Structures are given as structure tokens and as C-alpha cells.
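**Student:** Sharing a structure with you now.
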Amino acid sequence: MSRTIFEHSSPGRKGCTLPPREVDLPLDGIIPAEYRREAIPRLPELSELDVMRHYIKLSHKNHFIEKGLYPLGSCTMKYNPKVHEALVRYSCFNNVHPYQPEKTLQGSLEILYELQKDLSEISGMAQVTLQPVAGAQGEFTGIKVIAAYHKAKGNTHKTKIIVPDSAHGTNPATCSLVGFEVVELKSNAQGRCDLDHLRSIVDDNTAGFMLTNPNTLGLFETQIEEIAEIIHSVDGLIYMDGANLNALLGIVQPGKIGFDVMHFNLHKTFTTPHGGGGPGCGPVGVVEKLVPYLPVPLVNKNDDGYFFDYGHEATSIGKVHTFYGNFAIMLRAYIYIKMLGAEGLRKVSENAILNANYIMARVKDHYHIQHQEYCMHEFVADSSWQKKVNGVNTLDIAKRLLDKGFHAPTIYFPLIVPEAMMVEPTETEPLESLDAFADAMIEIAQECSQNPELLHEAPLTTPVRRVDDVRAVKMLDPIFKIEK
Amino acid sequence: MPYISNTGTERQAMLKKIGVSSFEELIAAIPPKMRMSSPLKLDEPLSELEITRKIKSQTCGDLCTSTANAFLGAGVYDHFIPAAVDTIVSRPEFFTAYTPYQAEVSQGTLQFIYEYQTMICELTGMEIANASMYDGASAIAEAILMAVRKNRLTKAILPATLHPEYVKVIRIYTEGLGIELLTAPMKDGLTDLEALKAMMDETVGSVVLQNPNFFGNIEAGEAIGQIAHSNPKTLFIVAADPISLAILKAPAAYGADIAVGEGQALGNSMYMGGPLFGYFSTKIDLARQMPGRIVGGTLDIEGKRAYALTLQAREQHIRREKATSNICSNQSLCTLAATVYMALMGREGLVEVATQSAQKAHYLASEIRKLTGFELAYPNAPFFREFVVNTPVPAAQIVEKLLPRAIYPGVDMARFAKEFTESQTGTFAVPGEKQLMIAVTEKKCKADLDALVSALREVTHV
């Protein structure tokens, strides 16, 4: 039984005491009673040890990277180096206020300037804004930039953006948020964009095209050149969703092969911690002609030092964040890039690709894999064989993997593969854990035929058994009912 | 150091198992002309020792707020954070996990979010909260979009007393969607009630209020709520400082339909303004229009209490272009810090934080106004922990002169002069070059406050 923090509360307990009041002005004299609340918020009352025990206990119920393989496809759950955590906690970072004078921020600004430069080089783009705080906000920023480009050119008829059917859900959602109409592009039998279909839907109203590369099937989109030609011929722009950039470091520069805009997920490729769902960071790189539209400020330098550059404010799309974005996340990515260098980054992608292909090679006789070719950093298998023969589906297999000490792959995505399981081991996983995962997948395939009931019941060994998420919707319970 | 475990020998064995003789065969699908012909142009790699040395030397000239006597606020606040907060947030169990897609091995994350949602609702008086937005600014923007989804009315009124940086973010989120943003003017540092009343009609979809407002002043929430609801369809969106809510009225108590705000002050370090996190809470009957992830209590198949992501049919991974928002990852770890912070401070502790901050701010204001040439910019407006003073000389000069003494006296309001003239219409005094906005938290001791007063006296004394 897992009690909430509120149920551990005991009246009068304290987890923190402030110094005595040095300036004890009566509240009535400074804030009129009409603005003040009568009953104080019913936060729990606990000692520091109570609080520590509670949250440490909760922490034990999570799967996490140091515990075992976390093969969520397109999420890039690689190891998060500890030096990042130590360095960002320096006082000159965590105690810095955004409105300090620039001359007191030179170290931090230099780091941001360098990171802009390094990400530009890695992507082959002309300039990078670090401001977007998540991949989805990077997409939003990038699509806004595309809208601003067309607006500046008087292209008012450009109302639609083409998005493949294999895309992350954030892509179409972002287009809607910016006010574009979404046109879905079909994938072909090779798991790539269907060019005939593309030609049939592109017209003068096409503002842009969003493409994930490698795509969500883990395959490199080989026809970029033709796609770029088609889209650019109607003055459309091509956006790269950089969620899968971990496959391309030092191998391909997206800005050099036809992409005009892209976002990075620093929490994926550049190993900043995922934090249970954030904070992330989603910088956006653009080609030269789109630099004027990037958010303000960029970080620049002159003879006086580094500064926040608002120089292009008149053409800029504006701001997507109150201040400068998720600085503490940028810092970690900066440290990572500086420690790896060109050769290290290339090794990251090579090993990410090698590890994914290794698992695929080991499990391919046991699970159906639609696209029989070498993958990039991830691959998509499915449980269509097991479903047909044993009545076991992907959800069952995912839950059984939890029993065996692994996190499940990304499941039921991409939508174009029924019963999909998208596996991304990342480069940091050692051979023995790749083998252990492949062994578990194979064992599960055997269990499917020998004891399918076991699969329906899984998981058996986790902190809770299979969770009823239908009930969570039908009997909506979003907050604990505090009694007193 | 690329943090790769496998050795060359192991990699060879793996290639062999795959059935290729070299790595190049694995990427044969990438057309050769698309591949880089030379290595990336990056600095030579550094060891852990070298990067530590580099970071130290890069930042050695910077003056942070822990060594300076700082009074900077304007959206990010330096409240005390107990050490235990970072101990929990640093647990790899929390910070290396991802969005709790597999509930059975994510109960730790799911439960703390459920507790966080409860605490936020306790502060705001609301009935449901999400697992966070990116910052206060985008939380307000998402609230405006939610109001449009609910009532299909595309006119939103923003107060002139709203943070000018929030206005920029709100504008970028709402433009292109046919949403019209109007500005309710301000009078004496507060929203002009009469003017707001005159702007209300049946086409207004939402009225936004920041409380305490950008200038630190406490707005007449009750009266503004009534004006907003003069159109029964209008949703009243309140962006409240969460620390202030320990002692100030909950937004729901004065009619808010959606309560949002910047959450950083709850246990999160300033980090030059990021990460921040936006909290987002509302009434239960609006739940299906909410953006973002929500955790709900439920049971497992054995009837044991458990938690899961819920109402996911609103979200982008299911609804794609018809989703309520494009948000995917959020600011979960920041909300963990906020949850642990609120648990440690507890009922009395958070009240004490708010009370001491207010007391010290008012003491400082009363001392500064005694100085020759200084006066409160809005002497009749009640304020919480931040206030604006008119200065006898340009604030920039004061900031400059106090720098060698390691004092950050506040935010020079000239920084926002352009935003206020450009983006916010209405007849009110534009913040001038002779204005300083001063924030005080419980971390300041009386000696710090007195030191600022003396320094202000000395540097403005002719």
C-alpha cells in the first residue's frame, strides 16, 4: 500500500525552519485583510526524515537508466554522465539571475555562444537558437520561422504543411498550433516517403514539409534530394525533426543535404537527463536565409565581450520563453560536446547504429520485422506473428519485459506498423545488456507459444500489477482528497 | 569520452553476428554524397578534469547572487531551498527516467506528480492540475487557447500590468489562430477597473490577470473576477505567484476558472531563468480541454492503489493535429523539486516564507522612501514582495555604481520601456529610466536590507 505524502502528515511536524523574524511587521499593516486568505493551504506536515523516506521509497518504484536498458524508441535513453550534474550545480550557474548585467554573465554567455556555434557545425546550419525548451517547442519555433519567411515574402497563400504518416504526433499538432493545415503523406513499401504521392499533394499552397530523419522506422530517408527539389520548387521549406539525430553525428549534416530548419533534442542526442518527462531543451538550427526570423535574443560577441543580441528583433518571430530558455540543460550539452569532440560524437552514432543492428540481428527470427534492411539507431519489430498465432499482443509483451528487468520499447508507434515495438538501445549500452535484452525478447517469444496466459497476466513482479487506465479516465481522480 | 562500454574486439564480434564485415555496410543506405567527407570542426576533446578546469576559469569573473547582495526578481525569485530538495532531485531513479509511459515501473514519478497536482490545487483552490507547462508565460498562452476551445470566443484581454516578456510569448502562441489580444490599461500600478469594464462584451473569451502583477502589486482580484464574469461565457485566467498563495486569496476564491503561473519560486534554482515551470490548474468540468499530461489515481488488477497518465485522448500522440496542445515532454523534474519543497516547508513553513518576504519587502520600501529623491512609484497599491521605486538619477547609473560593491539593487525598468510603449496600449505611465524594481525574499537579513539603503543613499548623494 503506497500512502500519499498527505497521509504521512502529522500536525506540528516541520521539515524546515526559517530564522526568527527580524522585521516583524504585523501582516494587517502591510497587506489588507481583503486580499489575504483565511485558511492556510493544507500542505502536509512532516519532518525532513519523513519526507526523505517517502520520496526515496517512491524512487524505488521507478525504472531508470542505471537500473537497466531503457529502449524507448526515438527517446534516446542513453547514460547521463555525472560530471554534468556536478558542474551545473556550481554557484555561478544555479544562483544566476537572468536580469543581472551582462558583464557579470560573461562565462555563461561564452558557453551559450560556443554551444550555438557547435550545434551549427554539427547540423550544418548557419545559426542556432537555444531558446526553445522542448522538442515540441523547437518544432513550434521552426514552423513559426517558416510562417515568418512566407509572410515576409508575401506568400499568403501558403497554408499547408505536409507531414508523413510515420511522423511523431507532435508534428501535426505543432502545425495546427501555428495555424497551418496538415496534409498527410503516405509511406511507400520501403518505409520511406512515397514520392508519387508527394508530387500529387504538393502545390503552390505548400508552405513546408516536416520530416524525421532517420524516420521513425529507423530508416534513413534516402530520397532527400528529390524531396528537396519538389518542395523547394514551390518555395516550400523543409523541416527536419531532429529526434533521431543520434544516428547522424559526424556522418550527415542535415543543413547540407536539403533541410532548411531543424530542431535538436538536447535531452536525447546530447544526453541531458530526461527528468521523468522534462525539462528538456529543443534548439533550432536554420539555413542562412532564415536567420533573420529566429527568436530574440541570440548570443553574440563584440570587442566588449559577449552579449544578448536583439539586433534582428524587427524580423524575428519574437520569443517562446520568458527568458533565454533552459540554461541548465544547455550547460550539460555544452559539457558533453566539449568532452566528446568530433571523433567522440561520430563514435556515438556509430555505436548507436551498431547496437541497434545487433539486437535486430538477434531477435529477427523471433519477431516480424517489416523492413528487412540494416537499421540506423533504432528498429521497429512487431508482434503480428504472436498476435495471430498465440493471441498475445504488443502490450502483453511490453509488460512481460518489465518483469524481466527492462523498460519496454516505444509501443504502438509508428502508427503505420500494427503492433509496433520500436527499439532504441543507444550507444552507451554494453554488449552484455544488449544480449540480455535480446535473450529476454526471445524467451518471451517462446513464452507466447508455451504459456500465453502468463503474457496476459504480466507484469507479475513490478511494484504494482497491470494498471487499470480505463478506470483512471472513467473515475477521474486527479488530486488526493485532504481531510483536514 | 563518448561513454561507450564496448571495446573494439566486442564491436568486431557484434559486426560478425550481424553478418557484416565493417560498420560502413550498416549505413550503406545513406547515399555517399550526403555523407561528411571530413570530421566535424569542433574543439579537441577534454577529459573530466580539463572540462572542470575550463568551466571554473570561464566563470571565475562572474558575480552570482550568492556572493552579491541581490534584489532581482521580475519573474524569477531567489527563495531559500532546503538541501534535501536537491538530494531527491539528484536521484537517478527520478532524473534519468522518462515520461511514465509504462505505469507499472513508473509509480514513483506518477505518484509524486499526483501529489504535486494536489498541492497546486490546494494553493489555487482548483480541482485538477497538469504535470506542468514550460513556464508561466506559455501556461497563460495555453490557458487562452483552452478558453477559445471551450467558448469559441477569440478575444482575450491582457492586463497592462502583465509581465512584458509573458506578453511576447502569449503573442507568438496566439497569432495566426485568429485570436485578438486586447490590453486593459493600468492606473496607479493596478488594472484600471473602469476601463476593463468598458472593454467587456459578449465577444470576450478570456480575461487574464497576473496577481501579484508584474510590478509586484496585489490586484483587486474579486472585482476583476466579477467584471470578467459579466459575460458568463468568459473564462477568467489568473496567473498567481505560488509563494504568495500561502497568504493571499486563492484564485478560485475570487472566481478564476483557470489558475496558472510561474512555479520556479517553489524550490527551483534560478539558472539564469531556465528551466522554469508553469503550473496549470482548473475546474474539473474543464478537464477535457486541458493541455499537457495529467496523472490520475486508479487501481491495478489486484485492486491495489496505483497511478497512471490519464485523459490521454486529448494529447498529440493520439489526436495528432486535433490535440489540445503539441506539448510532449514538460518540466517534470522541476515539479519534483516543487513537491519536495512544499512537503518540507509544510503548512506553516510556506506561510513563513511568504510572510517574511512580505515583511522584509515592506520594511525595505519604507526605508528607501525616506531617502532624498526616492519615492514609491505606486504608493497606494498594496504589494507582496516586490515594488517599484522612482529614483533621483537614472536607475542604470545606480546599478552601475553598486556593481563594485557587489550589490544588485533591482531591475532597471528602462529595460522594459520599449515593450510597454510598443506592445501595451492604454493611458498609463510607461516605466521610465528612473525606476528600479526591487524584490525581497526571506533569504535577505535585515543587515542586507540596511546595506542596500545606505548604498542607495551614498551613490545618489550629490
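**Student:** Quick one: length gained pulling A:Lys481 to A:Lys82 fully straight, 0.36 nm per residue minus the C-alpha distance?
**Tutor:** Value of the extension gain: 139.8 nm.
**Student:** Ratio to report: Rg/Rh of chain B, with Cα atoms as the point set and Rh obtained by the Kirkwood method; give two decimals.
**Tutor:** 1.03
**Student:** For segment B:83-339, give the magnitude of the charge dipole about the Cα centre (Cβ charges: +1 Lys/Arg, -1 Asp/Glu; no others), in debye to the nearest 20.
**Tutor:** 620
**Student:** Could you pull out the GluC sites (Glu not before Pro) across segment B:189-231 that fall in loop regions by DSSP (anything but H, G, I, E, B) with no more than 11 other Cβ atoms inside 10 Å?
**Tutor:** Sparse-neighbourhood loop GluC sites (Glu not before Pro): B:Glu202.
**Student:** Please list log₁₀ I(q)/I(0) at q = 0.04, 0.07, 0.09, 0.10 Å⁻¹ for the protein assembly as shown, using the Debye equation with identical point scatterers on the alpha-carbon positions.
**Tutor:** The Cα Debye sum returns log10 ratios of -0.17, -0.55, -0.92, -1.15.
**Student:** Let me ask something else about it. Can you pull the semi-axes for segment A:70-182, root of five times each eigenvalue of the Cα gyration tensor, sorted largest first, whole Å?
**Tutor:** Semi-axes from the Cα gyration tensor: 33, 22, 13 Å.
**Student:** Where the centroid of each part is defined by its Cα atoms, how far is segment B:62-103 from segment A:207-242 in Å?
**Tutor:** 39
**Student:** Checking the a/c ratio against 1.5 first, then a/b against b/c, what shape does the Cα gyration tensor give for chain A?
**Tutor:** Taking the square roots of the gyration eigenvalues as a ≥ b ≥ c, chain A is oblate.
**Student:** Translational diffusion coefficient, Stokes-Einstein: compute it for segment A:5-59 using the Kirkwood radius over C-alpha pairs as Rh, at 10 °C and 1.306 mPa s, and state it as an integer in µm² s⁻¹.
**Tutor:** Using the Kirkwood radius from Cα pairs, D works out to 114 µm²/s.
**Student:** If packing is taken as the average count of other Cβ atoms within 10 Å, what order do B:270-277, A:244-251 fall into, highest mean first? Spell out each step's value before the answer.
**Tutor:** On the way: B:270-277: 27.9, A:244-251: 26.1.
Those peptides, ordered most packed to least, come out B:270-277, A:244-251.
**Student:** Using DSSP H assignments, which helices in chain B have an axial alpha-carbon span of 24 Å or above and a mean Kyte-Doolittle hydropathy of 0.0 or higher?
**Tutor:** B:107-124, B:332-368
**Student:** Here's another thing I want to ask about it. Provide the net charge surrounding B:Lys187, with neighbours chosen by a C-beta distance below 15 Å and charges set as Lys +1, Arg +1, Asp -1, Glu -1.
**Tutor:** -3
**Student:** Name the lysines eligible as straight-distance cross-link partners of A:Lys319: C-alpha to C-alpha under 17 Å, and not fewer than 8 places from it in the same chain.
**Tutor:** Partners within reach: A:Lys144, B:Lys168, B:Lys418.
**Student:** Another question, then. Run through segment B:100-183 and list the trypsin sites (Lys or Arg not before Pro) located in a DSSP loop whose Cβ has at most 12 other Cβ atoms within 10 Å.
**Tutor:** Filter output for segment B:100-183: B:Arg152.
**Student:** Next question, about the same structure. Take each complete run of DSSP H in chain A, measure how far its Cα atoms stretch along the helix's own axis, and keep only those covering 27 Å or more with mean Kyte-Doolittle hydropathy at least -0.5; list them.
**Tutor:** A:327-363, A:431-450
**Student:** Using a 7 Å offset from the Cα along the Cα-to-Cβ direction at both A:Glu443 and B:Leu193, what is the distance between the two label points in nm, to one decimal?
**Tutor:** 7.0
**Student:** Mind checking segment B:12-114 for trypsin sites (Lys or Arg not before Pro) that DSSP puts in a loop (not H, G, I, E or B) and that have at most 16 other Cβ atoms within 10 Å?
**Tutor:** Here the sparse-neighbourhood loop sites are B:Arg35, B:Lys41.
**Student:** For a 18 Å ceiling on Cα separation, which of these pairs sit above it: A:Lys61/A:Lys399; A:Lys117/A:Lys338; A:Lys117/A:Lys256; B:Lys150/B:Lys249?
**Tutor:** B:Lys150/B:Lys249
**Student:** Under a crude label model (7 Å from the Cα following the beta-carbon direction), how far is B:Asp285 from B:Arg415 in nanometres?
**Tutor:** 4.2
**Student:** Extending each Cα 7 Å along its Cβ direction at B:Thr87 and A:Leu49, get the distance between those two points in nm, one decimal.
**Tutor:** For the pair B:Thr87/A:Leu49, the computed spacing is 1.1 nm.
**Student:** R0 = 56 Å: FRET efficiency of A:His157 with A:Asp24, Cβ-based, nearest 0.05? If you can, show how the numbers build up before the last one.
**Tutor:** Values: r = 67 Å, r/R0 = 1.19.
Calculated value: 0.25.
**Student:** On to the next question. Tell me which aspartates and glutamates have Cα within less than 14 Å of B:Lys283's Cα, excluding those fewer than 8 residues away on the same chain?
**Tutor:** In chain and number order, the partners are A:Asp477, B:Glu122, B:Glu127, B:Asp257.
All of the numbers you see were taken from the coordinates with simple rules; none came from a lab. Keep in mind the model is a prediction, meaning the values are calculated, not measured. For neighbour counting, all protein chains shown are included, and Cβ atoms are generated from backbone atoms with ideal geometry for every residue, glycine included.
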